[in-house]
1. Taking the Cα centre of the chain as origin, sum charge times position over the Cβ atoms of Lys and Arg (+1) and Asp and Glu (-1), and report the length of that vector in debye to the nearest 20.
2. Below 8 Å between Cα atoms, with a sequence gap of 6+, how large is the relative contact order for the chain in percent?
3. Can you say what percent of the DSSP beta bridges in the chain, counting only those with both residues inside, are antiparallel? Round to 5.
4. Show me, for the stretch 53-60, the HN-Hα J-couplings you get by feeding each phi into the Karplus relation (A = 6.51, B = -1.76, C = 1.60, θ = phi - 60°), rounded to Hz, glycine and proline as x.
5. Using Cα pairs closer than 8 Å and at least 6 residues apart in sequence, work out the relative contact order for the stretch 110-175, in percent.
6. Between residue 185 and residue 121, what is the spin-label point distance in nm, taking each point 7 Å from the Cα along the Cα→C-beta axis?
7. Which value, in nm² and rounded to one decimal, describes the direction-averaged projected area of the C-alpha convex hull of the stretch 81-199?
8. May I ask you to evaluate 6.51 cos²θ - 1.76 cosθ + 1.60, the Karplus curve with θ = phi - 60°, for each residue of the stretch 10-17 and list the ³J(HN,Hα) values in order in whole Hz, giving x for glycine and proline?
Amino acid sequence: MSAVKAIHALTAPVEDYLKAIFEIEGADAQADADRPSVAGTNEIAQALGIAPASVTGMLRRLAEQGLISYERYRGVRLSEAGRRAALRTIRRHRIIESYLTKALGYPWDRVHDEAERLEHAASDELIDRMASAVGEPTTDPHGAPIPTREGTLDARPLLALVDVDVGAVVRVRQVSDRDPERLRYLAELGVIPGADVRVLSRAPFGGPITLRIMRGGGGGAERGGGVRGARDCSIGPMLAAQVFVEARRSREA
């Protein structure tokens, strides 16, 4: 069996593991750019919501298939074949989310679970047709970059909102999509991709962060709209850690 056919023949659980490892590697790299990114057994188990003991056997099978490699005493890393397979699954997931919001009017807080169910069944041709139908989106409804058909990912470096200095003005680019209630709350506040935010203050000892939403993001009804005009709000540091931003260019400030 060729490498291409082998990737297309992967089971849903294998695709879930590869996607989880890819996402953990990405988070690890953002936390410490100088350290090679790896995924530990406990991290994988937590991401998939299963017991760590269940992970070991699957990792052994993934290694036998040439999809991962072990880093002694540290964890696992995707091989090139594993990375290609993970990006293919991530592309399907994010295109499905985009199609559900743009073509079918799904709200952004309901598309993640639907995409989780559909991503393993959709063919590459169907995904490409979905992408074409909604204008070849480059990001999903939550701001995450969508891999290309060729398997490349334009993932710009982002900073968690919780780490932004007081007084700085930033633009929201991406939010975590795992909690529907959190997404609805962020939409109510106007903290959505495209929104410009100034950090006004940060209370000590893990207290709330006060923000000024200076410009509402895009997204319309699927994200609950944005905000018009400036408004102030406060969010906790745990929530701010799930919002990812970049500094505005000086000419935009």
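1. 440 debye
2. Reported relative contact order: 15 percent.
3. In the chain, DSSP labels about 100 percent of beta bridges as antiparallel.
4. 5, 6, 7, 4, x, 5, 4, 4
5. It comes to 24 percent, rounded to a whole number.
6. In this crude label model, residue 185 to residue 121 measures out at 3.3 nm.
7. Orientation-averaged projected area of the Cα hull: 7.9 nm².
8. The phi angles translate into 5, 7, 4, x, 4, 4, 4, 5 Hz.
Quick note: the coordinates plus some simple rules give every number you see, no bench work behind them. None of these values were measured; they are calculated from a predicted model. Neighbour counts are summed over all protein chains in view; Cβ atoms, including those assigned to glycine, are modelled from backbone coordinates with ideal geometry.
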